[in-house]
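Enquirer: Following this message is one structure expressed as structure tokens.
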Amino acid sequence: MQKQELTAVVQQALDTLNERQRIAVVLNKFEDMNYAEIAEVMGLTTKAVKSLLSRARENLRLALQDYIQMDKRATNRR
Amino acid sequence: MTAMALNEDDKAELVAYLDGELDEVATQAVEAKIASDPDARAELDALRLTWGMLDFLPKASPSPNFTNRTMERLTLEDMPASKTMPMPKPVPGWMIGVSWAAVVLLAVGGGYWASTYFWSSPEQYGCSSMRAKSTSSDVLVHLAIFSDAQVLHQRHVGVRY
């Protein structure tokens, strides 16, 4: 799969998240914020951020499941 | 046991483990679980791969007019005059009264000085000055002085008018 296709697929998966989950993911993944920092920015508790990021990553996992399986198969073939 | 059998707390612990957010005790508990539970290990791998796939997203780069638009927004929204320019302290009422009194005193004093300087009586000047300034009305006003001068002249030349 081309990189451009993968980018589009990941962007679509990110778009399936609700706004709060997307913000938490962006802050954690791209801004390198830990849970306490995200909690401060979003006005949540650390426990709420933990739960928010868990649901967000689970949703991303489900959205990208097929591509992850493809990646695993490709890795096993090598 | 399947991956779906993991409850929300288990998944949250796995995610927090991947993010390095667990304390030592919780970390050991997760490591024990993934060592003994293939489904938990599979879930952990899937979550890790999912997170890694986000690296395919392009890094956000600002548009060419980003700076201009940001500065415009800052000017319009984030920099009201009340924040950028300090408000002057309110002037106490007594200071306003004192200022007005000073203005009135200056006006009265200045007026008095001007009137005495520009419209002084001829007596303050010498004769030449008086003559220079004299008019017909001045002569009438100072008739006594002219009369004295006439008497002196009569005595000097022996002439009677």
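Enquirer: Report, as an integer, the average count of C-beta atoms from other chains found within 10 Å of each Cβ along A:5-13. Walk me through the numbers before you get to the answer.
Expert: Details: counts 1, 4, 4, 1, 2, 6, 4, 0, 4.
That average works out to 3.
Enquirer: Summing -39500 (n - 2.57) over the DSSP H runs of n ≥ 4 in chain A and dividing by its residue number, what mean residue ellipticity at 222 nm do you reach, to the nearest 500 deg cm²/dmol?
Expert: Dividing the helical sum by the residues of chain A leaves -23500 deg cm²/dmol.
Enquirer: Follow-up question, since we're still on this one. Mind running the shape call on the stretch B:1-51? Use the C-alpha gyration tensor, a ≥ b ≥ c as the square roots of the eigenvalues: rounded below 1.5 for a/c, prolate if a/b tops b/c, oblate otherwise.
Expert: Oblate, since a/c reaches 1.5 and b/c is not below a/b.
Enquirer: Same structure again: What relative contact order, as a whole-number percentage, does chain A give when Cα pairs under 8 Å and 6 or more residues apart are counted?
Expert: Worked out over chain A, it gives 32 percent.
Enquirer: What total accessible surface area, summed over both chains, is buried at the interface between chains A and B, computed with a 1.4 Å probe and given in Å² to the nearest 100?
Expert: That pair of chains buries around 2500 Å² in total.
Enquirer: What average number of partner chain Cβ atoms lie no more than 10 Å from the Cβ of the residues making up B:40-46?
Expert: Mean shielding count: 2.
Enquirer: Would you kindly derive the ³J(HN,Hα) couplings of the stretch B:106-116 from the backbone phi angles with the Karplus curve 6.51 cos²θ - 1.76 cosθ + 1.60 (θ = phi - 60°), listing them in order in whole Hz, with x for Gly and Pro?
Expert: With coefficients 6.51, -1.76 and 1.60, one gets 4, 5, 5, x, x, x, 4, 4, 5, 5, 6 Hz.
The values are calculated or read from the model by the stated rules, or taken from the named source; none is laboratory data. From a predicted model like this one, the values you see are computed outputs, not experimental measurements. Note: ideal-geometry Cβ built from the backbone for every residue, glycine included; neighbour counts use all protein chains shown. Calculation scope for accessible area: heavy atoms of the full protein, side chains included, ligands and nucleic acids excluded. Shrake-Rupley method; radii C 1.70, N 1.55, O 1.52, S 1.80 Å.
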